[in-house]
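Scroll down for the structure; my scribbles are underneath it.
The values are calculated or read from the model by the stated rules, or taken from the named source; none is laboratory data. Just so it is clear, the model here is predicted, and its values are computed rather than measured. Neighbour counts run over all protein chains shown; Cβ positions are idealised from the backbone, glycine included.
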Amino acid sequence: MEISLLLSTGFLHGISSLFHLISSLVSFLWLCLLPRGHPKDTPLPPGSMGWPYIGETLKLYTENPNTFFSNRQKGYGDIFKTHILGCPCIMISSPEAAKIVLVSQANLFKPTYPPSKEKMIGPEAIFFHQGEYHSRLKRLVQSSFLPAALRGSVSEIEKIVLRILPSWEDTTINTLKEMKKYAFDVAMLSAFGGGSDLEIQGIKQLYHSLEKGYNSMPFNLPGTPFRKAMTARKLLNETLRKVIEKRRQSEKQSGGLLGVLLGSKDQKLNHLSDSQVADNIIGVIFAAHDTTASVLTWILKYLHDNPEVLEAVTSEQEKIRQQIIEDDRELTWDDTRKMALTSRVIQETLRTASILSFTFREAVQDVELQGYLIPKGWKVLPLFRSIHHCADFFPQPEKFDPSRFEVPPRPNTYMPFGNGVHSCPGSELAKLEMLILLHHLTTVYRWKVEGDEDGIQYGPFPVPKRGLPLKIKRKAQEENLKSGLKISSG
């Protein structure tokens, strides 16, 4: 995570005692200001609020998330309090509590992010709402990502894959960076369709500036990543408005989510406003970009480290490729439905890596949960990572074992895309772009991790160190022909 006002280690040690004293005072004041009317024996969950304002943000985004969560679970149990990104929070790590917050009593916990996140994505994005407006938006977004809509995207996504793979040949790539490029291209395709407006080309650079400050501390000071990101967000909004205006004036509003949003009318025949359209386009790009790239990076890491799984996946994909060649056609949606083992590899990667460690909710009123008080306005974070790594639900949780998904997991124990009405509507698109890339990568190429450094970096999503440097080589022609495959030039 980028923090522009980092303090020296010595200085931190020198003032840590003072910070903890102030933190205790702040926590005491919070307790004094809690809403009245609750029984005196309904306590806040146990836990530490960390330093004033900063709370435990630095620890959360720089430690191994497994360590951060497990240490607090051992000390406080499955529900505990903390303070991150300027917000008092309650973290929960049991399937039963997660179901209450996300499904059965979801009306008591509205979707939310810290104010800095809302400012960067846009306050009218689908993530920050519930009720009628959210339902309308979700129907529109889902209509772009249902199988019927995605069927027509297979060919376009495959073109992106065949364009980028040759550029990786005989070189060492930073896997995370390359996967971000790929996921961004797919996200732009899903958001704007196949258009090539000059304004759309300019969105990429602005988005990257915004992305750099997304997980920084919200210090709105000159030179900070947050200030630079907010400047980029303003320019991005202006650029999107130009695209929206041009599409509105066009008889054909083109494809992608943008076309769906622009063509939508409510019961009173009102269109979405420009700001509503812009915020939701940016939101979809955020949701479809970084997380997908991180998952793809881990997939290649796990396949590299588990050669027997890689061999089985390759065999599955070669059979499909052989049929495509015999039929003299391109990859289709129906082909991707035959990738059972590859799909289980994706499922296991989503569990093991748990890119989304948690999600944000906010209590809309004082709520009692499992004997503890959650005050109105406090953030509530179901910890997907902790649930995914619980041995009670997934034996030997640290082991990469796709076969565990031959049997459906217990309800509410596997939530890589969230749960309930606010679960990710783009999950099928994410899986599809992973399957298409893996199809071509496993049938035509080999890869090897460069260097012997192992480990994880956090920024903020956990990814292999140094972005997983890979040496990509095209398989020998004889090897491909032996399998009945043609080597595509892309």
Answer yes if at least one residue in the stretch 275-295 is out of contact with any Leu (no Cβ under 6 Å at 6 or more places or on another chain) and surrounded by fewer than 19 Cβ atoms within 10 Å (Cβ to Cβ), and no otherwise.
yes
Given the structure, is Ala232 part of a helix (DSSP H, G or I) and surrounded by 21 or more Cβ atoms within 10 Å (Cβ to Cβ)?
no
Does the stretch 242-250 include one or more residues that are outside the structural domain of Leu441 (by TED's automatic domain parsing), assigned to a helix (DSSP H, G or I), surrounded by fewer than 18 Cβ atoms within 10 Å (Cβ to Cβ) and touching a residue at least 40 places away in the same chain (Cβ under 8 Å)?
yes
Unmet requirement for His208, which otherwise passes all of (1) in contact with a helix residue (DSSP H, G or I) (Cβ under 9 Å, 6 or more places away or on another chain); (2) crowded, with 17+ Cβ neighbours inside 10 Å
(2)
Number of positions in the stretch 65-109 that are surrounded by 18 or more Cβ atoms within 10 Å (Cβ to Cβ) and either among the hydroxyl-bearing types (Ser, Thr, Tyr) or closer than 25 Å to His134 by Cβ (or both)
21
Count, please, the residues in the stretch 113-155 that happen to be in contact (Cβ under 8 Å) with a residue 40 or more places away in the chain and charged (D, E, K, R).
6
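Ile299 - would you say it is under 25 Å from Lys234 (Cβ atoms) and buried (at least 19 other Cβ atoms within 10 Å of the Cβ)?
Working: under 25 Å from Lys234 (Cβ atoms): no; buried (at least 19 other Cβ atoms within 10 Å of the Cβ): yes.
It is false that Ile299 is under 25 Å from Lys234 (Cβ atoms) and buried (at least 19 other Cβ atoms within 10 Å of the Cβ).
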List every residue pair whose Cβ atoms sit under 8 Å apart, with the two residues 6 or more apart in sequence or on different chains, where the first one lies in the stretch 68-81 and is of a type in the set (Asp, Glu) and the second, anywhere, is assigned to a helix (DSSP H, G or I).
Asp78/Ala97
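Conditions (1) in a loop (DSSP other than H, G, I, E, B); (2) within 23 Å of the chain's Cα centre (by Cα); (3) more than 22 Å from Pro147 (Cα to Cα); (4) in the same structural domain as Phe69 (by TED's automatic domain parsing), marked per residue:
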residue: Gln365; (1), (2), (3), (4): yes, no, yes, no
residue: Leu373; (1), (2), (3), (4): no, no, yes, no
residue: Val380; (1), (2), (3), (4): no, yes, yes, no
residue: Thr413; (1), (2), (3), (4): yes, yes, yes, no
residue: Ile436; (1), (2), (3), (4): no, yes, no, no
residue: Thr442; (1), (2), (3), (4): no, no, yes, no
Looking only at the stretch 398-411, count how many residues are assigned to a loop (DSSP other than H, G, I, E, B) and in contact (Cβ under 8 Å) with a residue 12 or more places away in the chain.
6
Is there a residue in the stretch 212-222 that is surrounded by fewer than 21 Cβ atoms within 10 Å (Cβ to Cβ), in a helix (DSSP H, G or I), free of Cβ contacts under 8 Å to residues at least 40 places away in the same chain and not hydroxyl-bearing (Ser, Thr, Tyr)?
no
Kindly indicate which of Ser315, Ser294 is polar (S, T, N, Q) and modelled with pLDDT under 95.
Ser294
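Find the residue count for the stretch 306-324, including only residues that are among the aliphatic types (A, V, I, L, M) and over 22 Å from Val154 (Cβ atoms).
Keep residues of the stretch 306-324 that are among the aliphatic types (A, V, I, L, M), which gives 309-310, 312-313, 320, 324.
Okay, now just the ones that are also over 22 Å from Val154 (Cβ atoms), so 309-310, 312.
Of the residues in that region, 3 qualify.
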